[in-house]
Every structure is written in structure tokens, then in C-alpha cells.
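The values are calculated or read from the model by the stated rules, or taken from the named source; none is laboratory data. Just so you know, these numbers come straight off a predicted model, no measurement behind them. Note that each Cβ is placed from the backbone with ideal geometry, even for glycine, and that neighbours are counted across all protein chains shown. Accessible surface is based on the protein model in full, side chains and every heavy atom, while ligands, DNA and RNA are left aside. Shrake-Rupley method; radii C 1.70, N 1.55, O 1.52, S 1.80 Å.
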Amino acid sequence: MEGHSYIPFNLPDIGDEEIDEVVATLRSGWLTTGQRAARFEAAFQSYTGCRQALALSSGTAALHLALEALDIGPGDEVITTPITFCATVSSIIHCGATPVLADIGEDGNIDPVCIEKRISPRTRAIIPVHLGGLPCDMAAIWDIAKRYNLSVIEDAAHAIGTLWRGCHIGSLESLSAAVAYSFYATKTITTAEGGMVTTNSDSLAARMRCLSLHGMSKDAWNRYSDKGNWYYEVLEAGYKYNISDVHAALGIHQLRKIEQFVAVRTAYAQIYKECFADMPEFEMPPGGNNARNAWHLFILRLNLDKLSITRGQFIEELRRRNIGTSVHFIPIPLHPFFAPWMGDPRNHCPRALAFYERLVSLPLYPSMTVDQLQAVVKAVKAVVRSNRAMSVSMAGAAL
Ligand SMILES: *Cc1c(COP(=O)(O)O)cnc(C)c1O
């Protein structure tokens with residue numbers, strides 16, 4: 001329909017450096033967790049300024065491992081946001097704990113006021129999610145955690161590159177127990193599949209490292225390399241969450257590009273904001289006070305009373321114009337699996353449900369060209385032009 005080919009919602013940005021490192025790994029004879037995983041961890045630790053970083057097979061593994069290592073289990077409650085990917089909540093359920101949802105605030109992130117209202121004697125932890133790279137109000141969340149003696153595990157799947165009060169999420173200034181990152185294919189940096197958990201506690205790091213590999217006292221490098229020794233002991237029923245060196249090879253080079261990626265994302269987000277600034281049909285995503293938003297997502301909010309179509313139709317109109325979009329996220333209470341937990345009136349989240357109806361995530365990634373960005377702007381404006389709600393005065397004039 002339009003003069004451009006399909007612009008996908010997301011594409012990874014993989015260069016020759018990543019490809020060469022993967023090939024070198026394949027030729028090296030060492031494929032599983034080894035020196036490349038260690039290099040990726042060291043680079044991540046130095047970039048974010050955290051004390052300990054542990055590379056894993058996914059962001060979901062990072063969340064689950066942090067909860068398990070904090071001994072959160074049956075009878076415990078964990079508070080999180082309804083506007084997140086299912087994995088945040090499933091990891092709580094995998095531990096045998098009960099998820100409790102606190103509604104969102106104006107910025108789309110979990111509302112600290114609502115968190116406090118959800119606390120019960122069983123509450124053990126809070127999992128805030130930095131939606132789209134916009135940091136949560138960590139000062140308020142840490143204050144609550146301190147007063148009620150709760151652990152904070154940050155879901156930073158969107159927040160590599162995010163700065164809060166000048167520091168990276170998970171830096172030494174952080175009062176959180178652990179921070180979980182994802183390197184899934186669509187994330188700001190990717191290892192195809194992968195994740196990282198960081199912590200400033202050496203004992204928690206040691207527990208997570210052991211749990212990430214069958215609860216064994218030694219990993220493969222410390223058994224099979226020339227530095228190794230065959231003997232190990234199983235200390236608890238662990239998981240199989242380690243990252244392979246093939247995946248870590250990608251991460252080493254993706255991480256080197258993070259500042260450049262965030263710079264392009266920020267510039268593109270600014271262009272979107274400027275192009276849509278005078279359109280009453282939209283509300284722009286917040287930039288973030290005291291913060292550097294990493295702009296993992298550009299979440300446009302529709303003012304539905306100004307449009308004659310729904311969000312679903314808006315997305316379909318963009319698809320017809322060769323633009324891929326997404327929705328972040330379908331609120332947790334709307335998924336059938338979580339229904340049994342939603343009977344608890346504490347889980348009612350009217351703001352999240354209303355927010356959801358308005359959301360469209362537009363393409364935003366460094367491998368997109370400015371021409372493609374302008375094509376998205378043009379298509380979005382065209383959809384609005386042909387689908388404006390008739391205003392009351394116009395309707396009156398038409399009579
Ligand atoms: C992607 C994502 C996850 C899960 O990460 P995986 O690496 O896919 O397991 C968790 N939380 C949020 C908010 C995410 O976007």
C-alpha cells in the first residue's frame with residue numbers, strides 16, 4: 001500500500017565483530033560456559049558498576065534464580081506490576097510463592113503508593129519493572145522495602161543503559177537484592193537468548209552461581225579445562241541456567257555498542273516526540289525525571305476519545321501500511337492462566353487495564369534508518385487523519 005517495504009517492529013543489530021567472535025568460539029573447542037562467559041560477566045560488571053554479575057540462559061532464569069536464592073517459596077507473597085511480561089509473574093509462581101499485583105502510576109510503572117497498600121505479613125519481596133527503559137521511583141520503593149524488611153529484585157529486562165540519578169540500575173548505590181536483565185532477541189542488546197543477574201551481595205552471588213548449574217560446587221571450566229580438577233559435590237537441587245560461550249560471544253560485542261545504541265534510540269524517540277507533539281490524538285511517553293531513559297520501547301498512548309477506531313484497529317491500519325508494531329504489555333490479569341490469583345481483590349488493577357487499551361509500541365531500534373523512521377511517522381499521521389473522532393462542535397455543525 002505504501003511506497004516502502006515492511007518495517008518490522010524490531011530487528012537485532014549484529015555486526016561482523018559478533019559474527020567473528022561466534023565463529024572463533026565454535027572453532028575454539030570450548031562451547032559451554034567458559035572464558036567468554038567470564039569476559040561477558042566482567043564487562044557487564046564494569047559497565048553497570050555492580051559488584052557481581054552472573055550470565056544466564058535467559059532473563060526469566062535471572063528472575064527465578066534471584067527469588068530462589070532469597071529462599072522465597074510457599075506461603076510468601078511477592079508484589080509486582082500488572083504491566084509486564086508473563087515471566088515476571090511466572091517466576092514467582094515457579095517458586096511456589098503468591099504473586100500480588102500493585103497498580104501502575106501515570107508513568108506506566110508500578111505505583112509505590114499502591115505497593116504499600118498491598119503489603120501483608122506474608123510479603124517478602126517487590127519486583128519493579130522499568131517499563132520500556134523508564135526507571136521506576138527506586139527511592140520510594142527502597143524506602144518501603146526498608147520499612148517492611150522486604151527484598152527488591154528489579155526486572156531490568158528493558159533497562160540496560162538506563163541511568164537513575166546518574167547511576168546504572170544495579171550499581172553499588174543500589175539497595176536492591178538483585179537485578180535481572182534479558183538479552184532475548186528483541187532486547188536492547190541481545191545474545192539471541194540470554195540473561196544476567198547482578199547483585200551487590202557476595203553470598204547471594206555465590207548461592208545463585210551454585211543454583212544456576214545443578215547446585216554443583218564447580219562449573220565445567222573448573223573441572224575440564226587444563227586448570228581444572230574432576231571432583232565436585234552437589235550441594236542442592238539446582239537448575240540448568242548457565243549461558244553458553246557461543247551466546248556470551250555475542251554479548252561481549254553487543255555490550256561494547258550499548259552507549260551507541262542508546263544514543264540512536266534517544267535521538268529517534270526525540271524525533272517521534274517532535275513529530276507527534278502537536279497531535280491531540282496522542283500522549284507521549286514520559287522521558288524520565290532524574291533519569292536517562294534507555295528507550296528500549298517507544299510506547300505511544302492513544303487518546304481514544306479523539307479517534308474513531310480502537311487500538312486494535314489502529315495497529316491493523318499500520319500493518320496495512322507496512323508498519324510492524326507491538327503492545328507492551330497485555331496486563332497480567334487478562335491472561336487465563338493467572339485467573340486463579342486474580343480473585344484476590346488486592347490484585348484489581350483498573351489503571352493498568354485502562355492504560356492497556358491505549359498502548360501501541362512503535363518500531364525503535366538502531367538498525368532502523370531515518371527514512372524508515374519518517375515512513376513510520378507518515379503512516380501514523382495518515383492513520384490519524386482518516387480516523388479522527390468527530391468532535392462535539394463538528395458534529396453539531398454537521399447537523
Ligand atoms: C523479555 C522480558 C523478560 C524475560 O526475559 P527472557 O530473556 O525472554 O527470559 C522478563 N521481563 C520483562 C519485562 C521482559 O520484557
statement: On the accessible surface of the chain, probed at 1.4 Å with all protein chains in place, carbon and sulfur together account for a percent value of 55 percent
statement: Mean-square fluctuation maximum in Gaussian network of the chain, Cα pairs under 10 Å, restricted to Asn347, Asn222, Asn293, hits Asn222
- request: Pop out the ³J(HN,Hα) list for region 346-358 in order, Karplus 6.51 cos²θ - 1.76 cosθ + 1.60 with θ = phi - 60°, rounded to Hz; leave Gly and Pro as x.
  value: 5, 8, 6, 9, x, 5, 5, 5, 5, 4, 3, 4, 9
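Given the convex hull of the Cα atoms of the chain, what is a quarter of its surface area in nm²? All intermediate terms of the calculation are to be shown ahead of the outcome.
On the way: hull surface 87.5 nm².
Average projection, Cα convex hull of the chain: 21.9 nm².
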- request: In a Gaussian network model over the chain where Cα atoms closer than 10 Å are linked, find which of Gly105, Gly166, Gly29 has the largest mean-square fluctuation.
  value: Gly29
- prompt: In degrees, nearest 10, range 0 to 90: what is the angle between the Cα axis of helix 245-256 and the longest Cα principal axis of the chain?
  reply: 50 degrees
field: Net lengthening on full extension, Asn149/Ala185 (0.36 nm per residue, minus Cα-Cα)
entry: 9.4 nm
- line: Filtering trypsin sites (Lys or Arg not before Pro) in region 36-65 by DSSP loop and by at most 13 other Cβ atoms within 10 Å leaves none
field: Label-point separation, Met390 to Ala140 (7 Å along Cα→Cβ), nm
entry: 4.2 nm
- prompt: Can you pull the three principal axis extents for the Cα set of region 228-379, in Å, largest first?
  reply: 68, 45, 36
- line: Taking placed amide H atoms and a strict 5 Å upper bound, the residues 5 or more places from Val100 or on another chain that come that close are Val78, Ile79, Thr80
message: Assuming 0.36 nm per residue, please report the length gained on full extension of the stretch Lys381 to Ser225 beyond their Cα-Cα distance.
response: 50.3 nm
task: On the full set of protein chains, 1.4 Å probe, figure out the accessible area of Met196 and give it in Å² to the nearest 10.
output: 0 Å²
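Using Cα pairs closer than 8 Å and at least 6 residues apart in sequence, work out the relative contact order for the chain, in percent. Write out the running numbers ahead of the final one.
Values: 813 pairs, mean separation 91.3, N = 399.
Rounded, it is 23 percent for the chain.
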query: Which of the trypsin sites (Lys or Arg not before Pro) found in region 58-154 are loop residues per DSSP with 14 or fewer other Cβ atoms within 10 Å of their Cβ?
result: Arg122
message: How big is region 227-268 along each principal axis, measuring the range of its Cα positions in Å and listing the largest first?
response: 52, 25, 13
field: Crossing angle, helix 311-320 versus the chain [Cα axis fit, 0-90 degrees, rounded to tens]
entry: 90 degrees
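What share of Cα pairs, in percent, lie more than 21 angstrom apart in region 106-194? Before the final figure, lay out each step's value.
On the way: 1189 of 3916 pairs.
Of the Cα pairs, 30 percent sit more than 21 Å apart.
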message: If I build a Gaussian network model for the chain, linking alpha-carbon pairs within less than 10 angstrom, which residue out of Pro286, Pro345, Pro135 has the largest mean-square fluctuation?
response: Pro345
message: Given bins 10 angstrom wide, list per bin the percent of all Cα-Cα distances in region 173-241, short to long.
response: 19, 35, 36, 10
- request: Under a cut-off of 29 Å between alpha-carbon atoms, report the lysines in cross-link reach of Lys187, not counting same-chain residues fewer than 8 places apart.
  value: Lys240, Lys257, Lys273, Lys378, Lys381
- prompt: Expressed as a rounded percentage, what relative contact order does region 43-159 have, with Cα pairs under 8 Å and six or more residues apart?
  reply: 23 percent
message: Between Glu17 and Leu353, how high is the FRET efficiency from 1/(1 + (r/R0)^6) when r is the Cβ-Cβ distance and R₀ = 51 Å? Nearest 0.05.
response: 0.70
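Under Stokes-Einstein, with the Kirkwood radius over Cα pairs standing in for Rh, what whole-number D in µm²/s applies to region 316-376 at 20 °C and 1.002 mPa s? Could the numbers behind the result be given before it?
Working: Rh = 14.1 Å.
Rounded, D is 152 µm²/s.
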Long-range tail of P(r) for region 90-144 (Cα pairs > 17 Å, %): 38 percent
- request: State the Cα centre-to-centre distance between region 108-141 and region 26-56 in whole Å.
  value: 30 Å
task: Using only Cα atoms, tell me the angle between helix 16-28 and the longest principal axis of the chain; keep it within 0 to 90° and round to the nearest 10.
output: 30 degrees
Low-density loop cleavage sites - chymotrypsin sites (Phe, Trp or Tyr not before Pro) in region 1-84, where at most 12 other Cβ are within 10 Å (DSSP): Tyr6
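Working from the alpha-carbon coordinates of region 298-399, get Rg over Rh, Rh being the Kirkwood radius. Mind dumping the intermediate values first?
Numbers: Rg = 17.1 Å, Rh = 15.8 Å.
Reported Rg/Rh (Cα atoms, Kirkwood Rh): 1.08.
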task: For region 28-105, state what percent of all Cα-Cα pairs lands in each successive 5 Å bin, counting from 0 Å until the bin that includes the largest distance.
output: 3, 14, 18, 17, 15, 15, 10, 5, 2, 1, 0
- prompt: So how far, in whole Å, is the C-alpha centre of region 64-79 from the one of region 315-341?
  reply: 28 Å
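Rolling a 1.4 angstrom probe over the protein heavy atoms, how many square angstrom per residue are accessible across the chain?
43 Å²
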- request: Compute the convex hull volume of the Cα atoms of region 5-153, divide it by the residue count, and report the result per residue in Å³ as a whole number.
  value: 158 Å³
